[in-house]
Structures are given as C-alpha cells and as structure tokens.
1. Scanning for something at pLDDT below 70, within 30 Å of V22 (Cα to Cα) and not acidic (D, E), does the stretch 62-79 turn up at least one residue?
Amino acid sequence: MTALALPPSSLDTPEGEPLLAVACPACHAALSAERASVGAPARCPLCHTPFMLPTPPRKRSVAKPSASSEQRDEDPLRRLREERSSRRARRNLVMLVSGVVILLAIVVLFGTRRSKKRR
C-alpha cells in the first residue's frame, strides 16, 4: 500500500516532483501522494480506509482562435452581440425618424395657423 500524508504547504517534493492532491473517499480528508504511485492502492492516515489512487485528468490543449473572419462568424456569442447591436441601432434610427416626423407634423399643423383678430 502507498503511504499518504497530509498535504504540505507546497505541493512539491524536495526533489521538485509535483505531488498529487487526493481526497479520502470515506472521510474526505485532503491528502497528497507522489505522482509515481498513481493507480496504486493506498490507505488514509486518518481513518485507515483503503482505496485506489485515482489517475489525474489529462490536460487539454486549448488552441487559440485566430482572428480570421470565418472563426469570428462561428462564435455564437459574438454573432448574438452583433445582432443585438444592429437591432438596437435600427430601433434607434426608427425612433429618431418618427420623432422628427411627429415634430414636423406639429409645427405644420399648429405653426401655420394664425389666430383671427377680432374687429
């Protein structure tokens, strides 16, 4: 069985090899183990429950998207923001034109009439 220990302040061994952070399945204690012992049976030093050390998840390599126009169009959030922005601009233009038309109608209707003078 692999000996586990409570995690040190640094998760590196004196040789510089990173340690594996593990939680006990029974008492959920935070433990550390050497990476070389992955997949080996281990025992919790606190509750003495035996368990198998899990294998760490593989790190996925994330490819950075280039600034090509094809990839910008593929981004759904960017496309949604652009659509909302264009709708907002269109709505603002319609409201501006409507306001100007209403203002001109008011000026034409009420601005050209002159009150009749009484004799």
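The values are calculated or read from the model by the stated rules, or taken from the named source; none is laboratory data. A quick note: this is a predicted structure, and the numbers were derived from the prediction, not measured. Only protein heavy atoms, including side chains, enter the accessible area calculation; ligands, DNA and RNA are left aside. Shrake-Rupley method; radii C 1.70, N 1.55, O 1.52, S 1.80 Å.
1. yes
For every residue, the table says whether it meets (1) open to solvent by 100 Å² or more (accessible area, probe 1.4 Å); (2) modelled with pLDDT under 85; (3) outside any helix (DSSP H, G or I); (4) of a type outside the set (A, V, I, L, M, F, W, C).
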| site | (1), (2), (3), (4) |
| --- | --- |
| G16 | no, yes, yes, yes |
| A26 | no, no, yes, no |
| A42 | no, no, yes, no |
| E83 | no, no, no, yes |
| R90 | yes, no, no, yes |
| V94 | no, no, no, no |
| V107 | no, no, no, no |
